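Novice: First the structure, which I've put down as structure tokens, then a few questions once you've had a look.
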Amino acid sequence: MLRQSIRSAVTFFAVLGMFYTGMALGHENINPENDICVRKAGENMVRLSAYQPQNNLFGETCEEIPAAGETYLVVDLLDPVMRDIPVSLKVFRGAVNEGETVAQVNAGYHPDGVISGVGMLDKGLYSLVVTAESVPPMNYHYQLRVDMVDYGKIARAWTGPVIVLLFLFWLVYHFLQSRRWRAMLDHYR
């Protein structure tokens, strides 16, 4: 019974480890379809990158910006067709596009496929809208969270370890309640 429990526990943790380590991959080789920083309208895609060199010289974020302050926003036009269309970028304070405009890049052609702008972002929620002035216009929306705690992300990060701990407590409890354990304790008394 004890060997079977140990084998079950080892198998469980091996399977859990295989699934858990796959989540720690970097995003350099991510397919644009699976990248959370990519937005798609029709067949066209754009990708947002946000940088704060004053906090992390090489750190790139997308929607979760770690600190308030000067933020460099870079939008990559992933489809070459987008480079022949006037494209604009606006950052609004709040969750809707009707708030105060914080940063703006007017509509223009971007033959290199990159739109960049700098904005001073205070703590709070922002909306970023990239508009391609085609017929019909294409809009790409991002919600930027600046210097805010994402409790949903924290809960998702802790779910796996909590389940593992609960399983370990359950395993130890059943082991301590087993007849073999009691017999072994009685033998040493």
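The values are calculated or read from the model by the stated rules, or taken from the named source; none is laboratory data. What you see is a predicted model; the values in this text were computed from it and never measured. A quick note on method: Cβ atoms are made from the backbone with ideal geometry, for glycine too, and the neighbour counts reach across all protein chains shown. Side chains are part of the model used for accessible areas, which takes the heavy atoms of the whole protein and leaves out ligands, DNA and RNA. Shrake-Rupley method; radii C 1.70, N 1.55, O 1.52, S 1.80 Å.
Novice: Quick one: in region 152-184, which of the residues that are open to solvent by 100 Å² or more (accessible area, probe 1.4 Å) and either free of Cβ contacts under 8 Å to residues at least 40 places away in the same chain or among the aliphatic types (A, V, I, L, M) (or both) is nearest to residue 64 (Cα to Cα)?
Specialist: Selected residue: 156.
Novice: Sticking with this one: Which of (1) farther than 23 Å from residue 38 by Cβ; (2) open to solvent by less than 80 Å² (accessible area, probe 1.4 Å); (3) among the hydrophobic types (A, V, I, L, M, F, W, C) is the odd one out, the single condition residue 148 does not satisfy?
Specialist: Condition not satisfied by residue 148: (1).
Novice: Against the definition (over 19 Å from residue 49 (Cα atoms) and in contact (Cβ under 8 Å) with a residue 24 or more places away in the chain), how does residue 96 come out, yes or no?
Specialist: So residue 96 passes the test.
Novice: Give the residue that is nearest to residue 40 (Cα to Cα), with candidates limited to residues of region 136-189 that are of a type in the set (D, E, K, R) and within 19 Å of the chain's Cα centre (by Cα).
Specialist: Once the filter is applied, the top-ranked residue is 145.
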